[in-house]
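A.B. asks: One structure, as structure tokens, below. Some questions next.
The values are calculated or read from the model by the stated rules, or taken from the named source; none is laboratory data. For clarity, every value in this text was computed on a predicted model and none was experimentally measured. Here the Cβ positions follow ideal geometry from the backbone for every residue, glycine too, while neighbour counts run over all protein chains shown.
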Amino acid sequence: MRKIAIGAVASGALALSALAVPAASATTPDFTFSKVVVNGGTAIVVGTTNMVDVPVTYTLTRPADIVIDYKTKAAGVVLYRGSLSRVENEVGNEDAPTCTTTATTATTVTESCKETVVIDPFSLFESSDAGTWHAAGYYGRVDSDEDDSDGHVSFDYADDMWGPLASAQVKRAAKLTVNAGPEPVGKGKTLTVTGSLTRATWYGYKDANYTGYTGRPVALQFKAKGATAYTTVKTVTSGTSGALKTTVKASADGTYRFSFAGTSTTGAKAATGDYVDVK
């Protein structure tokens, strides 16, 4: 898919909204965005280093006489936090959506579209970025003269935004560790299981890291040798720096793990299991 200036158009639109610039006097074009689905309706979990691709699908009905060429005119969907007139953060994409025409009239074109919004952890700076975001549709157009041979250049753009069209939960990625010992352990003896629960803290690439998530319920689970599923043994609350520690009686060979169900701001996570041989 070819790169275009679509991201710049969207960012400019949202920046203007955030500054509450008076609306342009140009007539608002008749665009309708509907059936917007972000990430298949599931939460978006973001860590500290890898960019996350977020699929977005929607139906767009636009005037038939407006040609979306992604050079001078662009349309699509962006995600933002806050309100449409007071955007606190936003993410978009620089790639053109893929659209298929599904219906036409003398004055309109209806298209089924899909695109990928990219969330870079570098663009997430504060704890409030974990929570509810919204989808907005936009239409942007650019008129530029970059030929400076006559001693003059110009760049002018206009934009329209529609929203909120849908909501999406952006969550911090969690990490979970587990270690059970001693190994091997005698049947009926005490087995100590330790680990830690941490979650992404966003302050850009340089300072982003995982910090302890304290006071959260975490399930200790066990899967007997030969079994296909884990069962919950007990619930442990994470302590200082997200530390986890508990004891159980060793009864049979099998694998122990901690499992965290997640919260409204933090994604679910299960630790890689630790196998224990019971003698």
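A.B. asks: Identify, by number, the condition in (1) touching a residue at least 24 places away in the same chain (Cβ under 8 Å); (2) surrounded by fewer than 21 Cβ atoms within 10 Å (Cβ to Cβ) that Leu176 doesn't meet.
C.D. replies: (2)
A.B. asks: Also: Please verify whether Glu183 is within 30 Å of Gly273 (Cα to Cα) and among the acidic types (Asp, Glu), treating the condition exactly as stated.
C.D. replies: yes
A.B. asks: Thr228 passes all but one of (1) at pLDDT 95 or above; (2) touching a strand residue (DSSP E or B) at 6+ places or on another chain (Cβ under 8 Å); which number fails?
C.D. replies: The number of the failed condition is (2).
A.B. asks: If you go through region 92-117 one residue at a time, how many are modelled with pLDDT under 95 and surrounded by fewer than 19 Cβ atoms within 10 Å (Cβ to Cβ)?
C.D. replies: Adding up the residues that qualify gives 2.
A.B. asks: Just checking, does region 161-169 include any residue being out of contact with any His (no Cβ under 8 Å at 6 or more places or on another chain), assigned by TED's automatic domain parsing to the domain that holds Ser123 and hydroxyl-bearing (Ser, Thr, Tyr)?
C.D. replies: No, region 161-169 has no match at all.
A.B. asks: Quick one: would you say Ala227 is more than 30 Å from Val52 (Cβ to Cβ), of a type outside the set (Lys, Arg), assigned to a loop (DSSP other than H, G, I, E, B) and not assigned by TED's automatic domain parsing to the domain that holds Tyr80?
C.D. replies: The answer is yes for Ala227.
A.B. asks: Right, here's the next one. May I ask you to verify whether Asp143 is within 19 Å of Thr28 (Cβ to Cβ) and modelled with pLDDT under 90?
C.D. replies: yes
A.B. asks: Please tell me if Asn89 is at pLDDT below 95, of a type in the set (S, T, N, Q) and either outside the structural domain of Leu124 (by TED's automatic domain parsing) or in a strand (DSSP E or B) (or both).
C.D. replies: Yes; evaluated as a whole, the condition is true for this residue.
A.B. asks: Return yes or no: is Ser167 among the polar types (S, T, N, Q) and either within 32 Å of the chain's Cα centre (by Cα) or assigned to a helix (DSSP H, G or I) (or both)?
C.D. replies: yes
A.B. asks: Moving on to the next point. Contact list please: Cβ distance under 8 Å, first residue in region 142-156 and of a type in the set (A, V, I, L, M, F, W, C), second residue loosely packed, with under 10 Cβ neighbours inside 10 Å and outside any loop (DSSP other than H, G, I, E, B), pairs at least six apart or on different chains.
C.D. replies: Val142/Phe155; Val142/Asp156
A.B. asks: Take Thr246 and decide whether it is more than 26 Å from Thr48 (Cα to Cα), surrounded by fewer than 20 Cβ atoms within 10 Å (Cβ to Cβ) and touching a residue at least 12 places away in the same chain (Cβ under 8 Å).
C.D. replies: Yes; evaluated as a whole, the condition is true for this residue.
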